[in-house]
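Worksheet for the structure shown next.
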Amino acid sequence: MSSPAPSQERNEARQRRGRFVTHLYGLHSKLESGSAYQVSEARRTLAQLRRSLSGPQAAAEAYATVFPFDPPHAEQQAWILVAGLFALHPQARPAPNRDRQSRSLGRSMRTLADRRPSTERRFDQLLAVDPPSMPYYLRQAIRLLAAENVPLDYYRLLEDLVTITDPRADPERVHRVRLYWASDYHRPQSSTPAA
């Protein structure tokens, strides 16, 4: 029996990421459901995911949420990190927008910078850190976004972190993710087009 083609493996990994992030957004839906049982269950899960951010030993708190979605081995740390980050700033799935742009980390930080000018320094630090230090800076960024209720596309964040945290990734691909974030941050916000 032959192994799947690389493009098929990539598509399967993307589908698994999509199901996983849909599950995370479902936790927010449970929080808003009005059902005492669902709210309690979502709060418990989110608390476990937040605790998973406190270090490698605590990462086990996220396993019951992450591993049922079968993350590829090379992506497991990125999935665990995104689960913990989502728990810091749970939100509804973003509605598709007209310009089809996702709410990347750079774009969300730009929105935050319009409200908090000190954001630019933090964002510049985030762009410059090496992958092992990135979880710390991401936690800080997500906490700031949560404080101002600025939305973020967690699927896009997971895609980006899969690239950044993959030790086998081409350094050029990692650099392109950072450039994408920087471009979204510094690009002027488009205004609503006239009718």
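The values are calculated or read from the model by the stated rules, or taken from the named source; none is laboratory data. Given the structure is predicted, the values throughout are model-derived calculations rather than measurements. Every residue, glycine among them, receives a Cβ derived from its backbone with ideal geometry; neighbour counts consider all protein chains shown. Only protein heavy atoms, including side chains, enter the accessible area calculation; ligands, DNA and RNA are left aside. Shrake-Rupley method; radii C 1.70, N 1.55, O 1.52, S 1.80 Å.
Taking the numbered list (1) within 16 Å of the chain's Cα centre (by Cα); (2) without any contact (Cβ under 8 Å) to a residue 60 or more places away in the chain in turn, LEU24 passes all entries but (2). From the list ARG98, ARG122, the one residue that fits, being surrounded by 15 or more Cβ atoms within 10 Å (Cβ to Cβ) and at pLDDT below 95, is ARG122.
Put simply, of GLN77, GLN38, GLN8, GLN48 the only residue that is open to solvent by 30 Å² or more (accessible area, probe 1.4 Å), closer than 27 Å to ARG168 by Cβ, touching a helix residue (DSSP H, G or I) at 6+ places or on another chain (Cβ under 7 Å) and assigned to a helix (DSSP H, G or I) is GLN77.
Across the stretch 130-161, what is the total count of residues that are open to solvent by 20 Å² or more (accessible area, probe 1.4 Å) and either assigned to a helix (DSSP H, G or I) or at negative phi (or both)?
Within the stretch 130-161, the first condition is being open to solvent by 20 Å² or more (accessible area, probe 1.4 Å), and the residues that meet it are 130-133, 135-137, 139-140, 143-144, 146-149, 151, 153, 155-156, 159.
Retained after the next criterion (residues that are either assigned to a helix (DSSP H, G or I) or at negative phi (or both)): 130-133, 135-137, 139-140, 143-144, 146-148, 151, 153, 155-156, 159.
Selection size over the stretch 130-161: 19.
The condition of being under 27 Å from ARG10 (Cα atoms), open to solvent by 50 Å² or more (accessible area, probe 1.4 Å) and in a helix (DSSP H, G or I) holds for only one of ALA64, ALA87, ALA83, ALA92, that being ALA64. Applying the condition of being out of contact with any helix residue (DSSP H, G or I) (no Cβ under 6 Å at 6 or more places or on another chain) and open to solvent by 30 Å² or more (accessible area, probe 1.4 Å) to the stretch 22-35 and asking which residue is nearest to ARG10 (Cα to Cα) yields THR22. The set of residues from the stretch 129-162 being of a type in the set (A, V, I, L, M, F, W, C) and either free of Cβ contacts under 8 Å to residues at least 60 places away in the same chain or farther than 22 Å from ARG176 by Cα (or both) comprises VAL129, MET134, LEU138, ALA141, ILE142, LEU144, LEU145, ALA146, ALA147, VAL150.
Checked against (1) in a helix (DSSP H, G or I); (2) open to solvent by 90 Å² or more (accessible area, probe 1.4 Å), PRO56 passes all but a single condition, namely (1).
Sub-7 Å Cβ pairs linking a first residue in the stretch 110-128 that is assigned to a helix (DSSP H, G or I) to a second residue that is open to solvent by 80 Å² or more (accessible area, probe 1.4 Å) and among the polar types (S, T, N, Q), at least 6 apart or interchain, are ARG110/GLN189, ordered by first then second residue.
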